[in-house]
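Heads up: the structure comes next, in structure tokens.
The values are calculated or read from the model by the stated rules, or taken from the named source; none is laboratory data. Here the structure is a predicted model, which means the values were calculated and not measured. Cβ atoms come from the backbone with ideal geometry, glycine included; neighbour counts cover every protein chain shown.
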């Protein structure tokens, strides 16, 4: 097989490779598109800033649209969820690019040279997409020469050339630069011997203490009030913990536009009315009949093993006589008719080998005339029957690169029948082991002749050919319009929080919450996708405002009211209270406990003042934050190894579960005979180097990032 033919047969991998890498590499050179084209008419040309560096909205949009086109070309279902995912991916890459370019400049990182670029493509660790395409199946090794030849043959300024050198390779280069940076940070970590020995000595310490624990539960909750100001002060003192992202929350009511019983009956009748006609339709006309009757299920003109038929009512269908119809019956959201066409014995799997002589294919165009192809396949067949080696014929003549290195062999399961050319599939599944046959194939992928040998068949069983006519149960216009009108009426009658709540009660409706919605989410959790609703929450609505019109999500009409608006920064009181109220209450209880104990400075005096016993804890370990019969109390552990507490009772230790007063009875150490300083150094070095992988997160947190995407999407 020539290099040119390789390019022709495999050209698609370049585009696919670029798309695949774009999802995982450091800089995606594909782009991501918004619905409707363009950035929704915004007059601004800046979609964000990173440390003052602008991210151009039009460049973002251009790359965005190009990427969506690529996904659509690969038959990806491009919905709002995918759009949001790729928007986020592109945004993160712009941010990383801006952050790391500054770090690269500081460190003097140079752009990759020709040699290093060659190492990326042809070295010992090539990109996965290249490895998959150019691995020698006999040796299992990456064939760098074959990869180089294929890449060298790319026609300059062609779509493949531009995608490979303009998108794929730059993404690889930036990924390599990122790897270098992270490796540099990770390799800078080192644990000296003295530090490993010090940590071992500390972790070997043990302590025995006497203590008084005054639990917070000993102070009643009713006497402790936590005000909004208390919560606000606590959050301000712990800003690094209680941060919030910009978010919104809504309450909403639903008006159901799902099909009614009457709608279901109409759908049922539409299927039942063609039952007799379905039964009398000839097999050759089934496709046309199903198309004419808008069937959701196309006709699969092949046999399926009984064990692989997973549809509703499968057992009943398999018992049907040939030519008979069953139904209508309910299968998911469809009413369905099933017609048994015929049955026959088929294998569950086959092993075959073949030689393909192409006449033409879409990428390469015409290769030879039909008569030339037929003459060549006939001569190959005659040579094999005369004793010529099948393997040598495959290598010399076959136009199927996927099997040339495998002696022309393939194995297929019966579930793959529909993915094969009809003539090929029928030969290997409907024939018998040992069959040898030449067939002509014409389809969208290619046209040509196959010489086929059936090597083996396994799992012979009964296969069934069944045609299904299925129609969805859909809501009638009256049902949809009724729900829409009811929702619109409710929205117009409920213009503020009070009237909204009053009408919910008056109309006996249910009100649902949806909180913590982020600016760029594609929809509402639990409801579904509706970017328009999310946009309303952030661009237009004020807290307490009801939407002027309902939003349709699936078969529901939603009337929302904006219940909460959270801005980026310190957590608001209402959001923080559930997390911090008990902590503030415990701190206030600690103050009361400390006042109650007063100036008592012996454990006995403290025990008497607090009405709590003096307790003991032995063999407390410095390396273990848990204390027997107490729980996880890191501050208590610290006090248990504070040498100042050997001669006097500690000052109050405000812990997680109570206030502690501690007196150390004994301090010592337990030798660690298994301590290996080199092993500990190695382990700690590995842990520290893993932190290098998180350097980007740290840089992002320290960067000044302005995100204006909500203005555009």
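For region 319-358, residues that are assigned to a loop (DSSP other than H, G, I, E, B) and on the phi > 0 side of the Ramachandran plot total 2.
So is residue 378 outside the structural domain of residue 135 (by TED's automatic domain parsing), out of contact with any helix residue (DSSP H, G or I) (no Cβ under 9 Å at 6 or more places or on another chain) and over 20 Å from residue 345 (Cβ atoms) or not? Here the answer is yes, as residue 378 does meet what is asked. Here 309, 286 are screened, and the one residue that is touching a helix residue (DSSP H, G or I) at 6+ places or on another chain (Cβ under 8 Å) and at negative phi is 309.
Of the residues screened, residue 564 is one that is crowded, with 16+ Cβ neighbours inside 10 Å, in a strand (DSSP E or B) and under 34 Å from the mean Cα position of the chain (by Cα). For region 622-629, the count of residues that are touching a helix residue (DSSP H, G or I) at 6+ places or on another chain (Cβ under 7 Å) and in contact (Cβ under 8 Å) with a residue 60 or more places away in the chain is nonzero. The residue that is nearest to residue 651 (Cα to Cα), counting only those in region 591-603 that are over 57 Å from the mean Cα position of the chain (by Cα) and surrounded by 12 or more Cβ atoms within 10 Å (Cβ to Cβ), is 601.
Every listed requirement among (1) in contact with a helix residue (DSSP H, G or I) (Cβ under 8 Å, 6 or more places away or on another chain); (2) under 30 Å from residue 712 (Cβ atoms); (3) at pLDDT below 80 is met by residue 36 save one, (1). Taken over region 397-414, residues that are part of a helix (DSSP H, G or I) and at pLDDT below 90 amount to 3. Residues that are modelled with pLDDT under 85, in a helix (DSSP H, G or I) and surrounded by 14 or more Cβ atoms within 10 Å (Cβ to Cβ) within region 150-164 comprise 150, 160, 161, 162, 163, 164, listed in sequence order. Would you call residue 369 closer than 30 Å to residue 465 by Cβ and assigned by TED's automatic domain parsing to the domain that holds residue 450? Against the criterion (closer than 30 Å to residue 465 by Cβ and assigned by TED's automatic domain parsing to the domain that holds residue 450), residue 369 does not qualify. Please count how many residues of region 284-294 are farther than 17 Å from residue 465 by Cα and touching a residue at least 40 places away in the same chain (Cβ under 8 Å). Number satisfying all stated conditions: 2. All of 226, 231, 235 fail the test of being at pLDDT 90 or above and either surrounded by fewer than 19 Cβ atoms within 10 Å (Cβ to Cβ) or assigned to a loop (DSSP other than H, G, I, E, B) (or both), apart from 226. Filtered by the rule that a residue be in contact (Cβ under 8 Å) with a residue 40 or more places away in the chain and either within 30 Å of residue 321 (Cβ to Cβ) or out of contact with any strand residue (DSSP E or B) (no Cβ under 6 Å at 6 or more places or on another chain) (or both), region 344-368 gives 344, 345, 346, 347, 348, 349, 350, 361, 362, 363, 364. Filtering 255, 300 for residues that are surrounded by 12 or more Cβ atoms within 10 Å (Cβ to Cβ) and outside any strand (DSSP E or B) leaves a single hit, 300.
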